[in-house]
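Input: a single structure, listed below in structure tokens.
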Amino acid sequence: MPITPTDKIWMNGELVDWDKAQVHVLTHGLHYGSGVFEGIRAYETADGPAVFRLTEHIERLFNSAKILGMQIPYTVDELIAATKETVRATGLSSCYIRPIAYLGYGEMGLNTLPCSVDVSIACWPWGAYLGDDAVAKGVRLKTSSWTRHDHNTMPPAAKTTGNYVNSSLAKVEAIKAGYDEAVMLAPNGLVAECSGENIFVVRQGKLITPPLAAGALEGITQSTVLTIAHDLGYEAVIDNLARTDLYIADESFVCGTAAEVSSVNSVDDREIPCPGPMTTAIAETYHRAVRREVDKYRSWCETAV
Ligand code: PPE
């Protein structure tokens, strides 16, 4: 998806012009995938742009860094403030936000201990990740021939740049085969997630989404959806799913910051009723919650002005 340039990018404590936000070709992260990142959205509200669950996203960035043994040279509060400053500097009322911490220029080789850590935060307008009619029409999923890496290979709990080679292989394979998105299975065959979203199914009136232990990222949208589902009176649990649970689901949807809540209309050409009633109710509440329109979820929306 193309990027629309904005005015400023935050780099190591300063706002620099978009075109000046550059790195050296020998930057460690470029060679070894040694970076951690986040994807966050700010939504337009009556009180200006509000960043959805900003604190949780920045905390997850620090957890990803901790798993890698990377020392981010800022505090959580400093990067929360820097994110808001970047949103303000671009003047956008809604946007996608991409903080990244990566090993910088100056060291080569696999011993990362001496490497410096650089941090930047960019934002730009980004539309519907899986297409404009993803909620109404649903997306077509295909089980990937690529396996989600396991916890002792590339830890899925950390949102590291290098991990996304696995996701890209799966995504491109699915698109080339005529599908919208890939379902990724863990090495033991259980459903993990999609290339860039968590997955939910409805079976026998219950919403189910796979756990971190099955290779899923602990998605902030996944956690938001679980809360919304409980509050709407649905039974919603984190539990293992077999591939065939997807085939015979009463409803299914994928969710993530970029994709929001997008219904699924088929998996491996097995049709799933779409959009189902639970998916529709959850998507509708989610879209109001992120815009600060639901009182009980207002604290999730962290205003940037
Ligand atoms: N799993 C994966 C693999 C993943 O990349 C995401 C986010 C999620 C689950 C959902 O996490 P959360 O955003 O916290 O609900 N994927 C990001 C897009 C990846 C991309 O750069 O493209 C996102 O939604 O921002």
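The values are calculated or read from the model by the stated rules, or taken from the named source; none is laboratory data. Given the structure is predicted, the values throughout are model-derived calculations rather than measurements. A quick note on method: Cβ atoms are made from the backbone with ideal geometry, for glycine too, and the neighbour counts reach across all protein chains shown.
Residue-level check: of (1) more than 17 Å from the chain's Cα centre (by Cα); (2) touching a residue at least 40 places away in the same chain (Cβ under 8 Å), G256 misses just (1).
Just wondering, is there one or more residues in segment 241-252 that are out of contact with any Ser or Thr (no Cβ under 6 Å at 6 or more places or on another chain) and either near the ligand (Cβ under 9 Å from one of its atoms) or at pLDDT below 95 (or both)? Within segment 241-252 (the criterion being out of contact with any Ser or Thr (no Cβ under 6 Å at 6 or more places or on another chain) and either near the ligand (Cβ under 9 Å from one of its atoms) or at pLDDT below 95 (or both)), the answer is no, since none of the residues qualifies.
Does segment 257-265 contain any residue that is surrounded by fewer than 17 Cβ atoms within 10 Å (Cβ to Cβ) and more than 16 Å from the ligand (Cβ to nearest atom)? Checking segment 257-265: not a single residue is surrounded by fewer than 17 Cβ atoms within 10 Å (Cβ to Cβ) and more than 16 Å from the ligand (Cβ to nearest atom).
Can you name the condition, by its number, that D47 falls short on among (1) away from the ligand (no atom under 13 Å from the Cβ); (2) closer than 12 Å to V117 by Cβ; (3) touching a strand residue (DSSP E or B) at 6+ places or on another chain (Cβ under 6 Å)? Tallying (1) away from the ligand (no atom under 13 Å from the Cβ); (2) closer than 12 Å to V117 by Cβ; (3) touching a strand residue (DSSP E or B) at 6+ places or on another chain (Cβ under 6 Å), D47 fails exactly one: (2).
In the set I248, I238, only one residue is more than 24 Å from Y297 (Cβ to Cβ) and surrounded by fewer than 24 Cβ atoms within 10 Å (Cβ to Cβ); that residue is I248.
The single condition among (1) touching a Pro at 6+ places or on another chain (Cβ under 9 Å); (2) surrounded by 21 or more Cβ atoms within 10 Å (Cβ to Cβ) that S94 does not meet is (2).
Matching residues to (1) free of Cβ contacts under 8 Å to residues at least 40 places away in the same chain; (2) of a type in the set (A, V, I, L, M, F, W, C):
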| position | (1), (2) |
| --- | --- |
| N166 | yes, no |
| S195 | no, no |
| F200 | no, yes |
| P210 | yes, no |
| L217 | no, yes |
| I220 | no, yes |
| A229 | no, yes |
| G233 | yes, no |
| V237 | yes, yes |
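Could you list, in sequence order, the residues of segment 143-186 that are surrounded by fewer than 21 Cβ atoms within 10 Å (Cβ to Cβ), in contact with a Lys or Arg (Cβ under 8 Å, 6 or more places away or on another chain) and within 28 Å of E235 (Cα to Cα)? Residue satisfying the conditions is T143 alone. Selection of segment 6-17 for residues being over 21 Å from the mean Cα position of the chain (by Cα) and either in a loop (DSSP other than H, G, I, E, B) or touching a residue at least 24 places away in the same chain (Cβ under 8 Å) (or both) yields T6, D7, K8, M11, N12, G13, L15. When segment 116-142 is limited to residues that are assigned to a loop (DSSP other than H, G, I, E, B) and surrounded by 19 or more Cβ atoms within 10 Å (Cβ to Cβ), the one that is farthest from the chain's Cα centre (by Cα) turns out to be G138. Residues in segment 27-70 that are β-branched (V, I, T) and assigned to a helix (DSSP H, G or I): T55, I58, I67. Has segment 215-231 got at least one residue that is more than 16 Å from the ligand (Cβ to nearest atom) and at pLDDT 95 or above? Within segment 215-231 (the criterion being more than 16 Å from the ligand (Cβ to nearest atom) and at pLDDT 95 or above), the answer is yes, since at least one residue qualifies.
Filtering segment 152-163 down to residues that are in a loop (DSSP other than H, G, I, E, B) and in contact (Cβ under 8 Å) with a residue 40 or more places away in the chain, which residue is nearest to I67 (Cα to Cα)?
A158
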